[in-house]
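Participant: Please find one structure pasted underneath; my questions will follow.
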Amino acid sequence: MAEFARFLRGLTRLLDETAGWYAVFTLRDPEGMRACLDGTDVPPWDVVESLLHDLAGRRGEYAVRTAGPRARRLHEEAVAAYDARPGAPARLGDRLDMMLRERQYAALRERELRAALLAAAGGPDAARLADELAWARDDHVRSGARARELQGRLDALASAAVSRRFPGGGTGPYEREPDAGSAPRTSGTPVA
């Protein structure tokens, strides 16, 4: 996690903290952003992608083509280290629950704003409502992506737990039919 945090700090030093997605993330969740920069948490991948988008705006696409693959690799390693900590499944489950609630709220907000925008039809509030609707859509898309990412991490932890319990990747002692010669017999009962 430390190497990814160093990478993230280096990336954000190249960005304008008053503009772009970096500004949005630090404004909306300053503690969360600080935790990621300090290396105590790992941001969702969509946050990293957005910061790379900011980098492209300041340094060009070549910078992203160079930094992007490294960002992905370091992010995956940081996620694996974070998820290897004790209590990770419970923490990830709590985050998933929160993200599903956020997604539900964003979908509701999107419907409400769409209706309000239709009612405003060119009125003085239309531009503000259109802007709020765009943010609600972004929140809905991001919360969905984050929920899928968290579910994938939980699934990977569950799969790893099964593999540790049953080496060889099986699901346990009953994963295949026993050979006819090894089937248990009770006296006087023919084997079918």
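The values are calculated or read from the model by the stated rules, or taken from the named source; none is laboratory data. Treat the numbers as computed from the prediction; the structure is a model and nothing was measured. Ideal geometry is used to build each Cβ from the backbone, glycine not excepted, and the neighbour counts take in all protein chains shown.
Participant: State all residues of segment 27-44 that are under 21 Å from Arg142 (Cα atoms) and either crowded, with 17+ Cβ neighbours inside 10 Å or acidic (Asp, Glu) (or both); if no residue qualifies, say none.
Facilitator: Within segment 27-44, the subset under 21 Å from Arg142 (Cα atoms) is 27-37, 41-44.
Selection gives Asp29, Glu31, Met33, Cys36, Leu37, Asp41, Val42, Pro43, Pro44.
Participant: Tell me yes or no: at least one residue of segment 153-175 is farther than 30 Å from Glu77 by Cβ and modelled with pLDDT of 95 or more.
Facilitator: Taking every residue of segment 153-175 in turn, none turns out to be farther than 30 Å from Glu77 by Cβ and modelled with pLDDT of 95 or more.
Participant: With the condition kept exactly as written, say whether any residue in segment 69-81 is out of contact with any Leu (no Cβ under 7 Å at 6 or more places or on another chain), closer than 19 Å to Thr40 by Cα and not in a helix (DSSP H, G or I).
Facilitator: no
Participant: Ok, one more. Among the listed residues Arg73, Arg91, Arg111, which satisfies the condition of being basic (Lys, Arg), over 28 Å from Thr12 (Cβ atoms) and without any contact (Cβ under 8 Å) to a residue 40 or more places away in the chain?
Facilitator: Going through Arg73, Arg91, Arg111 in turn, the sole match is Arg111.
Participant: A follow-up question, please. Out of (1) out of contact with any Gly (no Cβ under 9 Å at 6 or more places or on another chain); (2) at pLDDT 95 or above; (3) surrounded by 14 or more Cβ atoms within 10 Å (Cβ to Cβ), the odd one out for Asp94 is which?
Facilitator: (3)
Participant: Any idea which of (1) farther than 22 Å from Arg142 by Cβ; (2) in contact with a Phe, Trp or Tyr (Cβ under 7 Å, 6 or more places away or on another chain) is the one Ala71 doesn't satisfy?
Facilitator: (1)
Participant: May I pose another question? Residue check, Arg85 against (1) part of a helix (DSSP H, G or I); (2) under 30 Å from His53 (Cβ atoms), all met but one. Which one?
Facilitator: (1)
Participant: For segment 48-84, which residues satisfy the criterion of being aliphatic (A, V, I, L, M) and either assigned by TED's automatic domain parsing to the domain that holds Leu150 or within 18 Å of the chain's Cα centre (by Cα) (or both)?
Facilitator: Val48, Leu51, Leu52, Ala71, Leu74, Ala78, Val79, Ala80, Ala81, Ala84
Participant: Next up: Write out, first by first residue and then by second, each pair whose Cβ atoms fall under 8 Å of each other, whose residues are 6+ apart or on separate chains, and whose first residue, in segment 122-147, is in contact (Cβ under 8 Å) with a residue 40 or more places away in the chain and surrounded by 14 or more Cβ atoms within 10 Å (Cβ to Cβ) while the second is part of a helix (DSSP H, G or I) and of a type in the set (A, V, I, L, M).
Facilitator: Once the first residue is in contact (Cβ under 8 Å) with a residue 40 or more places away in the chain and surrounded by 14 or more Cβ atoms within 10 Å (Cβ to Cβ) and sits in segment 122-147, its partners that are part of a helix (DSSP H, G or I) and of a type in the set (A, V, I, L, M) give Ser143/Met99; Ser143/Leu100; Ser143/Ala106; Arg146/Met99; Ala147/Leu96; Ala147/Met99; Ala147/Leu100.
Participant: Right, next: Using beta carbons and a limit of 7 Å, which pairs, at least six apart or on different chains, have the first residue in segment 3-26 and at positive phi and the second one among the acidic types (Asp, Glu)?
Facilitator: Hits for this filter: Gly20/Asp54.
Participant: Taking the options Glu61, Glu49, name whichever one is without any contact (Cβ under 8 Å) to a residue 12 or more places away in the chain and surrounded by 16 or more Cβ atoms within 10 Å (Cβ to Cβ).
Facilitator: Every option except Glu49 fails the conditions.
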